[in-house]
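The values are calculated or read from the model by the stated rules, or taken from the named source; none is laboratory data. Quantities reported herein were computed from a predicted structural model and do not represent experimental measurements. When we count neighbours, we look across all protein chains shown, and the Cβ atoms used for this are built from the backbone with ideal geometry, even at glycine. Areas reflect the complete protein model, heavy atoms only, side chains present, ligands, DNA and RNA absent. Shrake-Rupley method; radii C 1.70, N 1.55, O 1.52, S 1.80 Å.
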Amino acid sequence: MIPDGLEERHSWKTTRTLLVTVDSLRADHFDEMDRTQEFLEQMHPRAFSTSTATLGSFPAIVGGEYAAGGGLGDGTSVARAFDRHCVGVTTNHLLSAEYGYDDGFDSFTSPKGGGETLKERGAVLLDRGTLAYRVASWGWNRYQALRSRVTDIEKSFRPADDVINQFLTECEGHDEWFGWLHFMEPHHPYDPDSADVSRAEAQRVTRRVLSGRGSAGDEDLVRDLYRREVVELDRKLARLWERIPDETRVVFCADHGELLGEDGLWGHPGEMRPELLRVPFGIRNAPDLGDVVSLIDVPTILTEREHGVGTLEREAAFAAYGEQKAAMNNEHLATNDGTVRLSDGDPATDPALERQLERFDPEYVVKEDALQEDLEDLGYA
């Protein structure tokens, strides 16, 4: 719940509000983003995702609700709460109008419908699911695979510079605005500009390691590629931080973490692990928060008004994916497999948290709730 009188005390005093989300950013790599941390006024060490995948986290981040599958719930978008110019620029196929994320925005751009690739332009003319579309899709994927063997290629996703440039242009001439920017760096395949190998090789070795076929040398390279992606994103974000007004309210977070070889696991396969559930979280010109933050609180933090099931004073957070669920507090992570300490991962007991986990009954979201072509574009299928 929001404390009594909160709305009256703050009364929407900020006229510019910005939500910045980053795909697959580990909490323990946030230290690599010194420019971003310098800009943000407060970093929260106990922030948690509501899922280990984009499908499960963004209904919380944007809608303040636990995911029920299929995208953002009708009428839940935080953009509807702002009576001002609303601009959204996303770079993930799962954050498109097809999943409801354009709701409430005056200007919304996502990979689907933006005509950013030959494949997407062709999809306008071909009905998805038809034999013609499947043949065209196969041809596009085959073209990309062959192209990566013979020459350097573009980044896997829309670069951060492009996103920032578009957002700044869209806000020109507007004294009041709400913006949501989603960056794909450092989502796999990791292909930073500063890599010691070509972009094509960086993408190949990342896919090789994530599929379990990489050598020890490959794995070390992939960890370095991931770190470089994070550092490069921070450098590009510095321009955004310099251009927006000082009084802008900002929430910065990741949608989930990433595994980099822990127990032989890579990417974000769905397990309820601290590396996936703990997320970097920072705020500027925002209200004070409790000991624990959940991504489901983001709309409430942005607006300082009740939105969904978010709160500013949280003691426990919850997450779900598939048939798995988790509960987290300031010290522990509880799952059906047991409870561990967040500080070191060692086994622990926390009866109160374990009871909260038992009572938590979400509508589970799974990978198959996304369209097959979007999973393919993101490397999941």
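Miscellaneous remarks
- Test result for ALA238, hydrophobic (A, V, I, L, M, F, W, C) and either within 17 Å of the chain's Cα centre (by Cα) or buried (at least 19 other Cβ atoms within 10 Å of the Cβ) (or both): no
- Lone qualifier among VAL250, VAL293, VAL209 - being in contact with a Cys (Cβ under 9 Å, 6 or more places away or on another chain), modelled with pLDDT of 95 or more and surrounded by 23 or more Cβ atoms within 10 Å (Cβ to Cβ): VAL293
- Elements of the type helices (runs of 4 or more DSSP H) sitting completely within region 280-381 and holding at least 3 residues that are at negative phi, in contact with a strand residue (DSSP E or B) (Cβ under 8 Å, 6 or more places away or on another chain) and of a type outside the set (Val, Ile, Thr): these cover 351-359.
- Residue check, LEU221 under 23 Å from ASN92 (Cβ atoms), surrounded by 15 or more Cβ atoms within 10 Å (Cβ to Cβ) and of a type outside the set (Lys, Arg): no
- Single unsatisfied condition, GLU376 versus (1) under 21 Å from the mean Cα position of the chain (by Cα); (2) closer than 30 Å to ARG80 by Cα: (2)
- Pairs are defined by a Cβ separation below 8 Å, a sequence spacing of at least 6 or placement on different chains, a first member in region 90-104 that is more than 23 Å from GLU185 (Cβ to Cβ), and a second member that is of a type in the set (Phe, Trp, Tyr) and part of a loop (DSSP other than H, G, I, E, B); the pairs so defined are GLY104/PHE82.
- Verdict on LEU168 being more than 21 Å from GLY379 (Cα to Cα) and surrounded by 14 or more Cβ atoms within 10 Å (Cβ to Cβ): yes
- Residue within region 214-221 that is polar (S, T, N, Q), at pLDDT 95 or above and closer than 30 Å to LEU72 by Cα present: no
- Conditions (1) open to solvent by 40 Å² or more (accessible area, probe 1.4 Å); (2) in a strand (DSSP E or B); number of the one not met by GLY88: (1)
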